[in-house]
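Worksheet: the structure to be examined is printed underneath.
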Amino acid sequence: MKALVYHGAGKKAWEEKPKPTLLDPSDAIIKISKTTICGTDLHILKGDVPEVTDGRILGHEGVGVVEEVGSAVTEFKKGDRVLISCITSCGKCEYCKKGMYSHCEKGGWILGHLIDGTQAEYVRIPFADNSLYHIPKDADEEALVMLSDILPTAYECGVLNGQVKPGDTVVIVGAGPIGLAVLITAQFYTPAAIIMVDVDDNRLQVAKSFGATHVINSNNENGIEKIMQLTDSRGVDVAVEAVGIPATFELCQSVIAAGGHIANVGVHGKSVSLHLETLWSKNITITTRLVDTVSTPLLLKTVVSKKVDPSKLITHHFALADIISAYEAFGNAAKEKTLKVILTND
Ligand SMILES: NC(=O)c1ccc[n+]([C@@H]2O[C@H](COP(=O)([O-])OP(=O)(O)OC[C@H]3O[C@@H](n4cnc5c(N)ncnc54)[C@H](O)[C@@H]3O)[C@@H](O)[C@H]2O)c1
Ligand SMILES: [Zn+2]
Ligand SMILES: [Zn+2]
């Protein structure tokens, strides 16, 4: 089969690899129908994720058709159409029993990281019963690709951890696919105002069309001053950090109202100052989280019932075999106006 293979920092190739086979009775082999590229794949290609070794097939998102199942798989059979979760979970260990699948002792985020991933014609999924979801009849498969990672990440790490409530004022810092998915799923709870902050005017325009009440380009205006002005100097009830750099986490600390919640989503590579000298008395909470994908069944229902449409995050389409061009469009997101790309395996 063909697959997108990592060959060390800065090197990747679309090349021939052996088709995966069942290694454990709980495995399933999936023929990929549609997959996508994540910002995390770009981090890997920069060499930021050293556990990823030469020869690894990348990708942790996608939908497909079951090709073969191991003898212990009871919930899926050959021919079933499935959504692949970016988090693999055994369902039996201490962390899984707490619903913290991201820290599964035998799984967690392993796809396209510690084991071969979904940017290929076929993929092996361990613990298939707990790591795959049936695709309901008539569901839009492209929209469902957004449920492998983007939507559960935004909803769990941003909206649920941020405890968004009706009437709240929410700021989302970062209008990438994740920040925009926070914007979409925060609206389940009818906040009164949602302020989006980014440095990319195109993404801020998209945010407006997705329901942001205010947008701030923090390159052109002082984000802190503008947010305090918009909130009568009170600050925001919820601040979601969806970039992953010190400046944006500091912004969240500067604008959080008393009793508010700062929900960090961004992956940080550098330490950030914690301003306890101003926050100690403000009754705030700060949360961090690696996506657990425990909300996938709930999100699946909201998408299938058309209450939310994550397909609006998709801006580009490519054939799977043209994945190198897709990486180019995704890697030059500001110039190409890219959010999510869909790769189809025909
Ligand atoms: N916690 C988790 O489980 C989890 C899962 C997936 C992704 N993530 C992380 O979430 C973050 C967002 O992901 P994404 O795919 O949307 O990334 P992205 O890179 O597409 O989007 C980040 C956005 O931040 C904007 N930005 C950059 N500098 C800024 C600044 N100084 N002020 C305001 N905006 C700025 C960029 O213009 C961009 O639109 C990343 O750090 C990603 O690694 C976390
Ligand atoms: Zn991802
Ligand atoms: Zn487990």
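If I ask for residues that are open to solvent by 10 Å² or more (accessible area, probe 1.4 Å) and over 18 Å from the mean Cα position of the chain (by Cα), which ones from region 189-198 would you list?
Of region 189-198, the ones open to solvent by 10 Å² or more (accessible area, probe 1.4 Å) are 189-193, 198.
Of everything in region 189-198, those that are open to solvent by 10 Å² or more (accessible area, probe 1.4 Å) and over 18 Å from the mean Cα position of the chain (by Cα) turn out to be Y189, T190, P191, A192, A193.
Any residue in region 224-242 that is near ligand 1 (Cβ under 10 Å from one of its atoms), modelled with pLDDT of 95 or more and among the small types (G, A, S)?
The answer is yes, given that some residue of region 224-242 is near ligand 1 (Cβ under 10 Å from one of its atoms), modelled with pLDDT of 95 or more and among the small types (G, A, S).
Any residue in region 142-152 that is of a type in the set (S, T, N, Q), away from ligand 3 (no atom under 16 Å from the Cβ) and under 21 Å from G112 (Cα atoms)? Quick ask: steps written out before the conclusion?
Applying the first criterion (of a type in the set (S, T, N, Q)) to region 142-152 yields 148.
Subset that is away from ligand 3 (no atom under 16 Å from the Cβ): 148.
Among the residues that remain, those that are also under 21 Å from G112 (Cα atoms) are: 148.
Within region 142-152, one or more residues are of a type in the set (S, T, N, Q), away from ligand 3 (no atom under 16 Å from the Cβ) and under 21 Å from G112 (Cα atoms).
Taking only region 171-185 into account, find how many residues are β-branched (V, I, T) and open to solvent by 10 Å² or more (accessible area, probe 1.4 Å). Write out each step before concluding.
So the first thing to find is which residues in region 171-185 are β-branched (V, I, T), and the list is 171-173, 178, 182, 184-185.
Checking which are open to solvent by 10 Å² or more (accessible area, probe 1.4 Å) leaves us with 178, 184.
Going through region 171-185 one residue at a time, the tally reaches 2.
Would a scan of region 326-346 turn up a residue that is farther than 30 Å from G47 by Cβ, among the basic types (K, R), open to solvent by less than 70 Å² (accessible area, probe 1.4 Å) and touching a strand residue (DSSP E or B) at 6+ places or on another chain (Cβ under 9 Å)?
So the first thing to find is which residues in region 326-346 are farther than 30 Å from G47 by Cβ, and the list is 346.
Those still in the list that are among the basic types (K, R) too: none.
Checked against the condition, which is being farther than 30 Å from G47 by Cβ, among the basic types (K, R), open to solvent by less than 70 Å² (accessible area, probe 1.4 Å) and touching a strand residue (DSSP E or B) at 6+ places or on another chain (Cβ under 9 Å), region 326-346 yields no hits at all.
Look through D168, D116 and report the one residue that is within 16 Å of ligand 2 (Cβ to nearest atom) and buried (at least 21 other Cβ atoms within 10 Å of the Cβ). Outline the logic, then answer.
Values: D168 fails: within 16 Å of ligand 2 (Cβ to nearest atom).
Testing whether each residue is within 16 Å of ligand 2 (Cβ to nearest atom) and buried (at least 21 other Cβ atoms within 10 Å of the Cβ) leaves just D116.
Do any helices (runs of 4 or more DSSP H) lying entirely in region 92-157 carry at least 2 residues that are within 30 Å of K307 (Cα to Cα) and at pLDDT below 95, and which ones are they?
Numbers: elements: 94-97, 128-131, 141-145, 150-153.
Answer list for region 92-157: none.
Check E94, E142 and return the single one that is more than 16 Å from ligand 2 (Cβ to nearest atom), touching a residue at least 12 places away in the same chain (Cβ under 8 Å) and more than 13 Å from T296 (Cα to Cα).
On the way: E94 fails: touching a residue at least 12 places away in the same chain (Cβ under 8 Å).
The unique qualifying residue is E142.
Please specify each residue of region 132-162 satisfying the condition of being within 16 Å of ligand 1 (Cβ to nearest atom), open to solvent by 10 Å² or more (accessible area, probe 1.4 Å) and of a type in the set (D, E, K, R).
Selection gives D149 alone.
Inside region 79-88, can you point out the residues that are within 15 Å of ligand 1 (Cβ to nearest atom) and more than 16 Å from T153 (Cα to Cα)?
Our first condition is that a residue be within 15 Å of ligand 1 (Cβ to nearest atom); within region 79-88, this holds for 85-88.
Listed by number, the list is empty, since nothing qualifies.
Against the definition (open to solvent by 10 Å² or more (accessible area, probe 1.4 Å), among the aromatic types (F, W, Y), within 16 Å of ligand 3 (Cβ to nearest atom) and in contact with an Asp or Glu (Cβ under 6 Å, 6 or more places away or on another chain)), how does Y101 come out, yes or no? Outline the logic, then answer.
Values: open to solvent by 10 Å² or more (accessible area, probe 1.4 Å): yes; among the aromatic types (F, W, Y): yes; within 16 Å of ligand 3 (Cβ to nearest atom): yes; in contact with an Asp or Glu (Cβ under 6 Å, 6 or more places away or on another chain): yes.
Yes, satisfied.
So, in region 57-91, how many residues would count as being crowded, with 16+ Cβ neighbours inside 10 Å and in a loop (DSSP other than H, G, I, E, B)?
13
Examine region 52-64 for a residue that is under 15 Å from L132 (Cα atoms) and among the basic types (K, R), and state whether such a residue exists.
So far as region 52-64 goes, no, none of its residues is under 15 Å from L132 (Cα atoms) and among the basic types (K, R).
If you take the residues in region 20-48 that are surrounded by fewer than 20 Cβ atoms within 10 Å (Cβ to Cβ), under 18 Å from V73 (Cβ atoms) and in contact (Cβ under 8 Å) with a residue 60 or more places away in the chain, which one is nearest to ligand 2 (Cβ to nearest atom)?
The extreme case among them is K31.
The values are calculated or read from the model by the stated rules, or taken from the named source; none is laboratory data. No experiment lies behind these values; they were computed from the predicted model shown. In this analysis, Cβ positions are derived from the backbone assuming ideal geometry, glycine residues included, and neighbour counts consider all displayed protein chains. Please note that ligands, DNA and RNA were not included when accessible areas were found on the heavy atoms of the full protein model with its side chains. Shrake-Rupley method; radii C 1.70, N 1.55, O 1.52, S 1.80 Å.
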